[in-house]
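As structure tokens, the structure follows; a few thoughts come after it.
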Amino acid sequence: MLRFLDAGESHGPALVGIVEGLPAGIPVTTGHIDAQLARRQGGYGRGGRMRIERDRVRFLAGVRGGLTLGSPVALVVPNRDWANWRRVMASGDDAAVDERVVTCPRPGHADLAGVMKYGHRDVRNVLERSSARETTMRVAVGTCARRLLEELGVTVYGRVTAIGPVTDSSAPPPALWPEAVATSPVSCCDAAAGEAMMRAIDRAREAGDTLGGVVEIAAVGVPPGLGSHVHWDRRLDGRLAGALMSIQAIKGVEVGAGFAAAGRPGSAVHDEIAYAPERGFSRSTNRAGGIEGGITNGEAVLVRAAMKPIPTLGRPLASVDLVSRQRARAAVERSDVCAVPAALVVAEAVVAWELARAFLEKFGGDSLADLKAGVSLYQSRLRQV
């Protein structure tokens, strides 16, 4: 019911996307999306590309007067760096394909696997699309979903909880995250931990190395009943995990207590059920992360994703040249020392997207008004349970 397709290379003319299935009447503007794109480009530890690009989205179809029309929404984000790559990345037979050729794959990237899969001779044909530049459009698309959720009373929050060896062990409620994150160069809620994270990034930069970390996403206001227990592919926790794992460099996902639950007894893991007439059923804790049996239970949806260090290193690892078959140092493309704060914005976007899909699957509606009416009727029924 809700799907998107995106295309574009890192140094091509633009990134493009088409979203199908958004109901009519959702308020969304370029300003909403540009604000999220700017967040994605920020963060301590970013590289030279972020000094070149100033991402701005344009709607080509599907939005009029700041409202979705119910027809497919087409978006484009131009690449400013295209001006420097016009000859090399041209689509016609006049492309300078013999320039800036990459023949030494980078460990940890899609370089070698992609070349082997598609039969390319130039690694650039792989790295241009496997690049995290692709997440620019996913943030744009996810912002459309975020705007839908906000109209339904759902807010998506995010924060960085670890970079390298430094962990933020604070546990403020999600509603307090935005203010702290907005003032932190690493999107961390705890100021002292944030300072330590930046020092760790500085040390990695000096060593020609990179750092990964952990991001945490909370969706507050999600009603019970999204997702399903009846088929494996309808379980919302599985879908969220898949969406988060689809982000470049994400290597692990957990919901609620996650991996920590494996080392605890059941009495310290499962959330006891409470009831109050004014609220209805609730949980006294939220170790399940708002999802039980693949279905939201009315508590905040809480997920975390672990990002590996970026594979492009200032001091490259050993590799083998595809042409000479000789041992060599991996190619070096312009990159970041740490992109965990950027990954946070992408993670928020993909979580918003999956939750919006789940809403539309359950409630349907060709217009926002119809969707809201369906949600309202359902909430009325829940009060009778």
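Computed from the coordinates by the stated procedures, all read-outs in this text should not be read as laboratory data. Just so it is clear, the structure is predicted and the values come from calculations on it, not from any experiment. Heads up, the Cβs are rebuilt from the backbone with ideal geometry, glycines too, and the neighbour counts pull from every protein chain shown.
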**Study point:** Theoretical gain in end-to-end length, ILE273 to ARG3 [0.36 nm per residue, Cα-Cα removed]
**Key:** 93.7 nm
Check your understanding: Taking the mean number of other Cβ atoms within 10 Å as a proxy for protection, how do you rank 262-273, 360-371, 240-251, 296-307 from highest to lowest?
Key -> 296-307, 240-251, 360-371, 262-273
Review point. Averaged over all directions, how much area does the convex hull of the C-alpha atoms of the stretch 17-107 cover when projected, in nm²?
Key: 8.9 nm²
Check your understanding: Relative to a virtual label point 7 Å from the Cα of THR183 in the Cα→beta-carbon direction, which members of the stretch 143-176 show backbone nitrogen distances below 14 Å?
Key -> 176
Practice item. Please tell me the relative contact order of the chain in percent, rounded to the nearest whole number, where contacts are Cα pairs under 8 Å and at least six residues apart. Key: 22 percent
Revision key, fill the gap. Between SER282 and LEU67, the FRET efficiency computed from the C-beta separation at R0 = 25 Å comes out, to the nearest 0.05, as 0.10
**Study point:** Residue among GLY119, THR30, ALA373 farthest towards the positive dipole end of the chain, charges placed on Cβ
**Key:** GLY119
Review point. Dipole of the chain (Lys/Arg Cβ +1, Asp/Glu Cβ -1, origin at the Cα centre): which of SER324, LEU69, VAL181 lies farthest to the positive side?
Key: SER324
Exercise for review: Quick one: compute a quarter of the convex hull surface over the Cα atoms of the chain and quote it in nm².
Suggested key: 21.1 nm²
Study note, to complete from the structure: Ranking PRO311, GLY21, ALA274 by how far each Cα lies towards the positive end of the charge dipole of the stretch 3-382 (+1 on Lys and Arg Cβ, -1 on Asp and Glu Cβ), the top one is PRO311
Check your understanding: Dipole magnitude of the stretch 3-382 about its Cα centre, charges +1 at Lys/Arg Cβ and -1 at Asp/Glu Cβ only, in debye to the nearest 20?
Key -> 620 debye
Practice item. Would you kindly state how much longer the chain becomes between ASP233 and THR167 on full extension, computed as 0.36 nm times their sequence separation minus their alpha carbon distance, in nm to one decimal? Key: 20.4 nm
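For the stretch 43-184, with only Lys/Arg (+1) and Asp/Glu (-1) charged at the beta-carbon, what is the dipole magnitude about the Cα centre, in debye rounded to 20?
Dipole magnitude for the stretch 43-184 comes out near 180 debye.
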Study note, to complete from the structure: As straight-line cross-link partners of LYS251, the qualifying lysines (C-alpha separation under 22 Å, not fewer than 8 residues apart within one chain) are LYS117, LYS308
Study note, to complete from the structure: Filtered hits (lysines, Cα-Cα < 18 Å from LYS372, offset >= 8 within chain) -> LYS362
